[in-house]
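Asks: Below are the structure tokens for one structure; questions will follow.
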Amino acid sequence: MTHSDIKPEHPLLKVLPDFLRPYAMLARIDRPVGIWLLLLPALWSVMLASGGVLSLNRSDITLIILFFVGAVLMRSAGCVMNDLWDRKLDAKVERTKNRPLASGVLKPRHAIVFLALLLGGAFWILMQLSTVAILLGFLAFPLVALYPLMKRITWWPQFFLGITINAGILLGWASVTAIVELPAILLYVGAIFWTIGYDTIYAHQDKEDDMHAGIKSTAIKLGDRSRVWVYGFYGAALLFISAGFYYAGAGPVSYFLLGVCVIKTVYILRQWNMHDPQNSLHTFKANTLFGLCVLIAACF
């Protein structure tokens with residue numbers, strides 16, 4: 001049974017010219033969950049560093065817009081790099097075998113040109129930020145390029161993904177304050193644990209195919225113990241995120257809203273069936289609600 005979130009009938013794909021449709025699918029534009037998971041942690045940081053929604057000024061609002069556009073570009077670029085590295089492995093996995101590079105709809109040279117355009121746009125966005133944020137952006141880029149290799153050499157590629165995808169927290173804080181402070185570091189560590197949790201859930205979709213293809217993941221490493229570990233990852237995430245809020249001087253409303261986030265997280269995890277690929281995909285997608293809950297808490 002095929003368990004994929006690729007939807008060729010998506011309205012966005014339908015309105016695009018035929019020659020652009022494979023590029024949109026390559027960038028996963030029709031599946032925006034990854035954009036939100038990249039963007040939301042950066043917005044936590046910007047909002048907390050700015051002092052909440054009522055303290056936002058024009059510069060902060062401009063930053064939010066820049067981070068939104070940057071998230072779209074970098075998530076798309078990350079997908080292209082991932083599929084360039086993995087096109088042969090993707091062809092062996094049921095969920096990914098129809099991706100444009102794995103299926104041969106696009107050639108690697110086409111993807112490389114597309115990647116150059118995406119990175120050019122992301123570079124322009126980066127140049128609008130503070131000097132410290134620019135330096136952090138250059139340090140983070142090799143992580144983006146190397147992440148797809150991690151599933152070949154470690155059982156914990158989810159940890160490496162967490163380090164990579166949440167770098168926006170450090171960039172966001174540095175863009176507002178021109179330095180990286182303790183609250184940003186605590187938020188970053190918390191987001192890394194969150195990423196390990198949700199990507200372990202995501203990896204349970206493909207564990208059978210991954211084992212045959214030689215791909216490593218926490219889903220395979222942890223096996224039937226995954227539920228206990230995932231609860232632990234989310235618990236650690238909430239602990240470090242709460243500490244970040246505390247050192248950022250968040251108010252009581254923020255902690256109340258974080259409490260709501262805890263309740264929502266427990267509800268989501270209780271519904272997770274690690275042996276059902278469709279359920280794992282649904283549970284993974286629900287993590288946008290976690291990210292939004294934390295962002296709303298950061299607003300106050």
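Asks: Considering the stretch 178-212 alone, what residues qualify as being surrounded by 18 or more Cβ atoms within 10 Å (Cβ to Cβ) and of a type in the set (Gly, Ala, Ser)?
Replies: Ala184, Gly190, Ala191, Gly197, Ala203
Asks: Another question, then. Within the stretch 160-177, restricting attention to residues that are among the polar types (S, T, N, Q) and in a helix (DSSP H, G or I), which residue is nearest to Val262 (Cα to Cα)?
Replies: Taking the stretch 160-177 first, the residues among the polar types (S, T, N, Q) are 164, 166, 175, 177.
Retained after the next criterion (residues that are in a helix (DSSP H, G or I)): 164, 175, 177.
On the way: Thr164: 24, Ser175: 29, Thr177: 29 Å.
So the residue we want is Thr164.
Asks: Hey, another quick one. For residues that are of a type in the set (Ser, Thr, Tyr) and within 23 Å of Glu94 (Cβ to Cβ), tally how many sit in the stretch 241-294. If you could, list the steps in order and put the result at the bottom.
Replies: To start, the set of residues in the stretch 241-294 that are of a type in the set (Ser, Thr, Tyr) comprises 242, 246-247, 254-255, 265, 267, 280, 283, 288.
Pick out the ones that are also within 23 Å of Glu94 (Cβ to Cβ) and you get 280, 283.
Adding up the residues that qualify gives 2.
Asks: Right, next: Does Leu222 fit the bill of being surrounded by 15 or more Cβ atoms within 10 Å (Cβ to Cβ), in contact with a His (Cβ under 9 Å, 6 or more places away or on another chain) and assigned to a helix (DSSP H, G or I)?
Replies: Details: surrounded by 15 or more Cβ atoms within 10 Å (Cβ to Cβ): yes; in contact with a His (Cβ under 9 Å, 6 or more places away or on another chain): no; assigned to a helix (DSSP H, G or I): yes.
The answer is no for Leu222.
Asks: A further question on this structure: From the set of residues in the stretch 141-166 that are among the aromatic types (Phe, Trp, Tyr) and over 15 Å from Ala71 (Cα atoms), which is surrounded by the fewest Cβ atoms within 10 Å (Cβ to Cβ)? Working first, answer last.
Replies: Keep residues of the stretch 141-166 that are among the aromatic types (Phe, Trp, Tyr), which gives 141, 147, 155-156, 159-160.
Filter once more, keeping what is over 15 Å from Ala71 (Cα atoms): 147, 155-156, 159-160.
Numbers: Tyr147: 19, Trp155: 15, Trp156: 18, Phe159: 17, Phe160: 21.
Top of the filtered list is Trp155.
Asks: What residue, of Val262, Val228, is free of Cβ contacts under 8 Å to residues at least 40 places away in the same chain, of a type in the set (Val, Ile, Thr) and exposed (fewer than 14 other Cβ atoms within 10 Å of the Cβ)?
Replies: Val228
Asks: Quick check on my filter: what residues within the stretch 128-160 are in contact with a Pro (Cβ under 9 Å, 6 or more places away or on another chain) and closer than 18 Å to Ala77 by Cα?
Replies: Initially, the stretch 128-160 is screened for residues in contact with a Pro (Cβ under 9 Å, 6 or more places away or on another chain), giving 147-151, 157.
Correct list: Tyr147, Pro148, Leu149, Met150.
Asks: OK, next. Among (1) exposed (fewer than 15 other Cβ atoms within 10 Å of the Cβ); (2) within 18 Å of the chain's Cα centre (by Cα), which single condition is Pro108 missing?
Replies: (2)
Asks: Still on this structure, I have one more. Filter the stretch 276-299 down to residues that are of a type outside the set (S, T, N, Q) and free of Cβ contacts under 8 Å to residues at least 60 places away in the same chain and give me whichever is nearest to Ile64 (Cα to Cα). Quick ask: steps written out before the conclusion?
Replies: The initial filter retains those residues of the stretch 276-299 that are of a type outside the set (S, T, N, Q), namely 276-277, 281-282, 284-286, 289-299.
Keeping just the survivors that are free of Cβ contacts under 8 Å to residues at least 60 places away in the same chain gives 276, 282, 286, 289, 293, 296-297.
Numbers: Asp276: 37, His282: 28, Ala286: 23, Leu289: 19, Cys293: 17, Ile296: 14, Ala297: 17 Å.
Restricting to residues being of a type outside the set (S, T, N, Q) and free of Cβ contacts under 8 Å to residues at least 60 places away in the same chain, the top hit is Ile296.
Asks: Let me ask something else about it. So Ser242 fits all but one of (1) surrounded by fewer than 24 Cβ atoms within 10 Å (Cβ to Cβ); (2) part of a loop (DSSP other than H, G, I, E, B); what number is the exception?
Replies: Failing condition for Ser242: (2).
Asks: Also: Out of Asp83, Asp60, report the one residue that is closer than 22 Å to Met211 by Cα and either touching a residue at least 24 places away in the same chain (Cβ under 8 Å) or surrounded by fewer than 20 Cβ atoms within 10 Å (Cβ to Cβ) (or both). Please lay out each step first, then the result.
Replies: Working: Asp60 fails: closer than 22 Å to Met211 by Cα.
So the residue among Asp83, Asp60 that is closer than 22 Å to Met211 by Cα and either touching a residue at least 24 places away in the same chain (Cβ under 8 Å) or surrounded by fewer than 20 Cβ atoms within 10 Å (Cβ to Cβ) (or both) is Asp83.
Asks: Kindly check whether there is at least one residue in the stretch 272-281 that is at pLDDT below 95, on the phi < 0 side of the Ramachandran plot, among the hydrophobic types (A, V, I, L, M, F, W, C) and assigned to a helix (DSSP H, G or I).
Replies: Yes, the stretch 272-281 has at least one match.
Asks: Leu118 passes all but one of (1) part of a helix (DSSP H, G or I); (2) closer than 18 Å to Gly214 by Cα; which number fails?
Replies: Result: Leu118 passes all but (2).
Asks: Please go through the stretch 178-206 and pick out each residue that is outside any helix (DSSP H, G or I) and of a type in the set (D, E, K, R).
Replies: So the first thing to find is which residues in the stretch 178-206 are outside any helix (DSSP H, G or I), and the list is 178-181, 204-206.
Glu181, Asp206 - these are the residues of the stretch 178-206 that are outside any helix (DSSP H, G or I) and of a type in the set (D, E, K, R).
Asks: Within the stretch 270-288, is even one residue within 30 Å of Asp30 (Cα to Cα), surrounded by 15 or more Cβ atoms within 10 Å (Cβ to Cβ), in contact with a Leu (Cβ under 8 Å, 6 or more places away or on another chain) and of a type in the set (A, V, I, L, M, F, W, C)?
Replies: Here is the first cut: in the stretch 270-288, the residues within 30 Å of Asp30 (Cα to Cα) are 270-288.
Next, from what is left, pick out any that are surrounded by 15 or more Cβ atoms within 10 Å (Cβ to Cβ): 272, 274, 277, 279-288.
Subset that is in contact with a Leu (Cβ under 8 Å, 6 or more places away or on another chain): 283, 287-288.
From the residues that got through so far, the ones that are of a type in the set (A, V, I, L, M, F, W, C) too are none.
Checking the stretch 270-288: not a single residue is within 30 Å of Asp30 (Cα to Cα), surrounded by 15 or more Cβ atoms within 10 Å (Cβ to Cβ), in contact with a Leu (Cβ under 8 Å, 6 or more places away or on another chain) and of a type in the set (A, V, I, L, M, F, W, C).
The values are calculated or read from the model by the stated rules, or taken from the named source; none is laboratory data. The structure displayed is predicted, hence computed values, not measured ones. In this analysis, Cβ positions are derived from the backbone assuming ideal geometry, glycine residues included, and neighbour counts consider all displayed protein chains.
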